[in-house]
1. What are the pairs with Cβ atoms under 8 angstrom where one residue, in region 16-43, is touching a residue at least 24 places away in the same chain (Cβ under 8 Å) and among the basic types (Lys, Arg) and the other, located anywhere, is part of a helix (DSSP H, G or I) and open to solvent by 80 Å² or more (accessible area, probe 1.4 Å)? Sequence gap at least six, or different chains.
Amino acid sequence: MRTHWREVLVVAVLPPTAYPCILFALQLAPVAVVARAREISVVFVGLAGIAVLAVAR
């Protein structure tokens, strides 16, 4: 863990910030738009995982 403290920090900080961001987005845009954005983000994260981690398809 001492060698990867930056990665641990990112994983510890970013996920809890997602929920307040979604709540804020729901105040600004319709639910349908926010829901679509959340769903497409899952696809982007999957593609990024394939690219960054060089996961075989």
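1. Pairs that qualify, where the first residue is touching a residue at least 24 places away in the same chain (Cβ under 8 Å) and among the basic types (Lys, Arg) and the partner is part of a helix (DSSP H, G or I) and open to solvent by 80 Å² or more (accessible area, probe 1.4 Å): there are none.
Condition check ((1) assigned to a helix (DSSP H, G or I); (2) at pLDDT below 85; (3) open to solvent by 80 Å² or more (accessible area, probe 1.4 Å)) across all residues:
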{"residue": "2", "(1), (2), (3)": "no, yes, yes"}
{"residue": "19", "(1), (2), (3)": "yes, no, yes"}
{"residue": "39", "(1), (2), (3)": "yes, no, yes"}
{"residue": "49", "(1), (2), (3)": "yes, yes, no"}
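The values are calculated or read from the model by the stated rules, or taken from the named source; none is laboratory data. As the structure is a computational prediction, the values presented were derived from the model and not from experiment. Every residue, glycine among them, receives a Cβ derived from its backbone with ideal geometry; neighbour counts consider all protein chains shown. Each accessible area value is taken on the protein alone, full model and side chains, heavy atoms only, with ligands, DNA and RNA left out. Shrake-Rupley method; radii C 1.70, N 1.55, O 1.52, S 1.80 Å.
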